[in-house]
1. Between residue 111 and residue 85, what FRET efficiency comes out of the Förster formula 1/(1 + (r/R0)^6) with R0 = 25 Å and r the beta carbon distance, rounded to 0.05?
2. Arrange 48, 99, 130 by Cβ neighbour counts within 10 Å, fewest through most, would you?
3. Would you work out if segment 3-198 is rounded, prolate or oblate? Take a ≥ b ≥ c from the square roots of the eigenvalues of the alpha-carbon gyration tensor; rounded if a/c is under 1.5, else prolate when a/b is larger than b/c, oblate otherwise.
4. What's the ranking of 169-177, 52-60 by average number of surrounding C-beta atoms within 10 Å, highest first?
5. Below 8 Å between Cα atoms, with a sequence gap of 6+, how large is the relative contact order for segment 1-120 in percent?
6. Can you compute the modelled spin-label distance between residue 150 and residue 99, with each label point 7 Å from Cα toward Cβ, in nm?
7. For the pair residue 71/residue 129, report the inter-label distance in nm, with labels modelled 7 Å from Cα in the Cβ direction.
8. Would you mind ranking 78, 41, 17 so that the residue whose beta carbon has the fewest other beta carbons within 10 Å leads the list?
């Protein structure tokens with residue numbers, strides 16, 4: 001197997017992982033968003049009733065925070081599926097992509113890496129903000145993980161927060177591991193593009209040297225003819 005096909009195989013492996021991990025991004029966030037009746041817990045603030053140890057009011061986070069992670073997860077799934085099929089065809093044919101295809105792939109993977117990093121940071125920071133609210137001194141809840149088993153939300157509407165910690169931790173795991181996959185894909189794509197450029201420069205130099213030698217041989221033949 002050639003070097004180019006090794007790159008394809010490594011990228012194909014990362015794409016399959018990215019495809020699987022994308023479900024850990026948008027499904028948990030979507031389920032949590034539904035269980036919270038359309039509210040987004042990322043970056044949410046709240047006040048506690050000291051007498052009942054219940055959240056008395058909540059200023060929910062922006063819907064765009066949850067929607068962005070759902071959107072990025074779905075885009076990651078679709079792109080991973082597309083490029084998995086795309087690279088699998090090249091691998092089966094024992095060929096490699098062209099310079100233009102490598103350039104487009106590099107742009108897509110770099111853009112996706114940035115988007116996934118933003119999504120992962122969004123989930124991590126937003127969820128930590130919510131956990132700080134849940135574990136504040138007025139809540140009497142020792143850790144955010146334990147809040148999964150405590151009914152602290154009866155006063156804030158008909159929501160189901162029984163599995164919020166598990167759901168958001170899955171989304172956090174899926175986001176960061178997907179980011180690593182796309183980071184690997186963007187790095188290998190840049191390396192492949194550089195190799196294409198070096199090959200083009202090498203071939204240009206070879207052609208130039210060949211033309212120079214041919215001209216030199218032509219001049220020598222003319223001298224002998226005279």
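1. Working: r = 20 Å, r/R0 = 0.79.
Plugging the Cβ-Cβ distance into 1/(1 + (r/R0)^6) gives 0.80.
2. Numbers: 48 21, 99 13, 130 24.
Result, fewest neighbours first: 99, 48, 130.
3. Details: a/c = 3.48, a/b = 3.20, b/c = 1.09.
Because a/c hits 1.5 or more and a/b exceeds b/c, segment 3-198 counts as prolate.
4. Details: 169-177: 21.8, 52-60: 15.4.
So the peptides 169-177, 52-60, ranked by packing, come out 169-177, 52-60.
5. Working: 107 pairs, mean separation 39.4, N = 120.
This gives 33 percent for segment 1-120.
6. 6.3 nm
7. Reported label-point gap for residue 71 and residue 129 is 1.7 nm.
8. Details: 78 12, 41 28, 17 17.
Ranked by crowding around the Cβ, least crowded first: 78, 17, 41.
Values in this text are rule-based calculations from the coordinates and carry no lab data. Computed from a predicted structure; not experimentally measured. Reconstructed Cβ throughout: ideal geometry from the backbone, glycine too, with neighbour counts over all protein chains shown.
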